[in-house]
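Let me begin by presenting the structure, written as structure tokens, before commenting on it.
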Amino acid sequence: MTAEAIKDMRKKQFILVNAIILIGMTVYVAIINYTGLNMSYILFTLGAFLIVQSFFNILKKDLTKSWVPIIEQVNKYEKEIMGKEWKKQNKTAYVINIFVGAMIMTQAYFMYDISSQHPISIWFFVILIIFLLLTINITMLIHTSKVDNAKNTSDFKGYTWKFNLIGFVFGLVLAVVIFILVISFVLSRI
């Protein structure tokens, strides 16, 4: 694949991922603020979606197929470049999604009595979306830079383990920041 084709593919990938996040978060905000649905239903659906998607991908094994052409192209390219680490990375992602889905469904169980009758500040979600977009885009830039600048598959020895360890530490910091934002938001409403 030529450098220009890789650049074009990455540009499409970034646009798609950002569009999905923006649309998904907008729909989520609209559901929370305007439908009055019980919060546990929303969380249960999100958790179930993550778990079902992960099991579907596990059954698919290491196939690069996707219903979105650009994702299929990225998968084929990265599988070719990364070799065995691509499989490790995907398996790890599936396990993490199952774990997160289970956590969200557990949270849904404990939030059964909480409804979304009180609209949440749009500014809170704007800040959250910006923070989420920054986090995902920085992570994607680091990953794509590593993949696109690799000379051969040996450049990825231990990559999944290191990347996930850094991601775990960053995730903890992110969780603390989001927790502080949520607490400050709740306290500001009292």
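The values are calculated or read from the model by the stated rules, or taken from the named source; none is laboratory data. Bear in mind the structure is a predicted one, so any value in this text is a computation, not a measurement. Reconstructed Cβ throughout: ideal geometry from the backbone, glycine too, with neighbour counts over all protein chains shown. Side chains are part of the model used for accessible areas, which takes the heavy atoms of the whole protein and leaves out ligands, DNA and RNA. Shrake-Rupley method; radii C 1.70, N 1.55, O 1.52, S 1.80 Å.
Could you go through region 131-149 and let me know if any residue there is over 30 Å from Ile42 (Cβ atoms) and charged (D, E, K, R). Scanning region 131-149, I find at least one residue that is over 30 Å from Ile42 (Cβ atoms) and charged (D, E, K, R), so the answer is yes. For beta carbons closer than 8 Å, sequence separation of 6+ or different chains, a first residue in region 63-81 that is closer than 20 Å to Tyr94 by Cα and a second that is part of a loop (DSSP other than H, G, I, E, B) and aliphatic (A, V, I, L, M), the qualifying pairs are Tyr77/Met1. Meeting the requirement of 2 or more residues that are open to solvent by 30 Å² or more (accessible area, probe 1.4 Å) and closer than 21 Å to Lys151 by Cα, the helices (runs of 4 or more DSSP H) wholly within region 1-105 are 3-34, 69-82.
From the list Ser188, Ser154, Ser184, the lone residue that is more than 29 Å from Lys84 (Cα to Cα), of a type in the set (Ser, Thr, Tyr) and either exposed (fewer than 10 other Cβ atoms within 10 Å of the Cβ) or touching a strand residue (DSSP E or B) at 6+ places or on another chain (Cβ under 9 Å) (or both) is Ser188. The set of residues from region 7-38 being hydrophobic (A, V, I, L, M, F, W, C) and farther than 20 Å from Trp123 by Cβ comprises Met9, Phe14, Ile15, Leu16, Val17, Ala19, Ile20, Leu37. Restricting the first member to region 141-160 and to residues that are modelled with pLDDT under 90, and the second to residues that are assigned to a loop (DSSP other than H, G, I, E, B) and open to solvent by 20 Å² or more (accessible area, probe 1.4 Å), the beta-carbon pairs closer than 6 Å and six or more apart or on different chains are Thr153/Gly83. Considering only residues that are under 18 Å from Glu80 (Cα atoms) and either hydroxyl-bearing (Ser, Thr, Tyr) or in contact (Cβ under 8 Å) with a residue 12 or more places away in the chain (or both), which ones fall in region 1-34? Selection gives Met1, Thr2, Ile6, Met9, Arg10, Gln13.
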